[in-house]
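**Q** The structure's right below; bear with me while I get my questions together.
Where a number appears in this text, it was derived from the coordinates with a stated rule and is not lab data. Source: prediction; values computed, not measured. Here Cβ is always computed from backbone atoms with ideal geometry, including for glycine, and neighbour counts include all displayed protein chains.
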Amino acid sequence: MSDESSPIPSDRFTPEPEQPKRPPLLINGQYVKDLSFEAPNTPQVFSLMSEAPNIKVDIDVQAEPKQQDIFEVVLKVRAEARAKEQLAYLLEIEYAGIFTLNVPQEHLGPVVLIECPMILFPFLRRIVADCTGDGGFAPLMLSPIDFAHLYQQRAQQAQAAQTKA
């Protein structure tokens, strides 16, 4: 019996070059997309500010794909302050970020509508505080937002709408 063995192809044991791992989320940029601050009843409204104004804040999150794996996420805030039924100020802002996402499709929704807004929120919060403070009012410090809860609410509303249809 011969002890000859067939040669083993060398490429069989050569490890394949690893693809460089891409981070799951990259922040490409952040910016103010739209900003409006109005204080139509100044300076008279300052005399009505002996007590804290009634402030109503609405926030919305929107996301739009721009290219493959690239999304624009926009936080929209509308804050209206009233002192004894007179409009003290109205602030509207759209703060946006461009993100490259390298996540599986099933994780895309939570990343775009929870993780990305969480990254943007501290910057938006600072702009809102600066703008209202620079307008002559006490800085409006937005409370932290539970974006996961907002995402769940939105999913429940979409599911309810589908059930009706």
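**Q** Among 69-78, 56-65, what's the highest-first ranking by average C-beta atoms within 10 angstrom per residue? All intermediate terms of the calculation are to be shown ahead of the outcome.
**A** Values: 69-78: 18.3, 56-65: 13.7.
Answer by packing, highest mean first, reads 69-78, 56-65.
**Q** What is the dipole size for the stretch 27-141, taken about its Cα centre, with +1 at each Lys and Arg Cβ and -1 at each Asp and Glu Cβ, in debye to the nearest 20? Could you put the intermediate results ahead of the total?
**A** On the way: 9 positive and 16 negative charges, 50 e Å.
About 240 debye.
**Q** Please express the Cα-Cα pair-distance distribution P(r) of the chain as a list of whole percents, one per 5 Å bin, running from 0 to the bin with the greatest distance.
**A** Result, from short to long distances: 1, 7, 14, 14, 12, 11, 9, 7, 6, 4, 3, 2, 2, 2, 2, 1, 1, 1, 1, 0, 0, 0 percent.
**Q** A further question follows. Tell me, what is the Rg over Rh of the stretch 27-125, with Rh the Kirkwood radius over Cα pairs?
**A** 1.15
**Q** Here's something else I'd like to know. Name the long-range amide H neighbours of LEU25: under 5 Å, sequence gap of 5 or more, or other chain; modelled H, no Pro or chain starts.
**A** Residues meeting the amide H criterion: ASN102.
**Q** Lys and Arg at +1, Asp and Glu at -1: add these up for the other residues within a Cβ distance under 12 Å of TYR89 and post the number. Please list the in-between numbers first.
**A** Numbers: positive: LYS56, ARG78, ARG82; negative: GLU38, GLU80, GLU92, ASP134.
Within the 12 Å Cβ shell, the charges total -1.
**Q** Positive end of the charge dipole of the chain (Lys, Arg +1 and Asp, Glu -1 on Cβ, about the Cα centre): tell me which of GLN159, PHE137, LEU48 has its Cα farthest that way.
**A** LEU48
**Q** Note down the net charge around PHE99, summing +1 for each Lys or Arg and -1 for each Asp or Glu among other residues with Cβ under 15 Å from its Cβ.
**A** Details: positive: ARG22, LYS33, LYS66; negative: GLU64, ASP69, GLU72, GLU115.
Counting the neighbours of PHE99, the net charge comes to -1.
**Q** For the stretch 27-141: lysine pairs with Cα atoms under 22 Å, gap of 8 or more or different chains, count? Intermediate results must be reported in sequence, preceding the final value.
**A** On the way: LYS33/LYS56; LYS33/LYS66; LYS33/LYS76; LYS56/LYS76; LYS56/LYS84; LYS66/LYS76.
So the count works out to 6.
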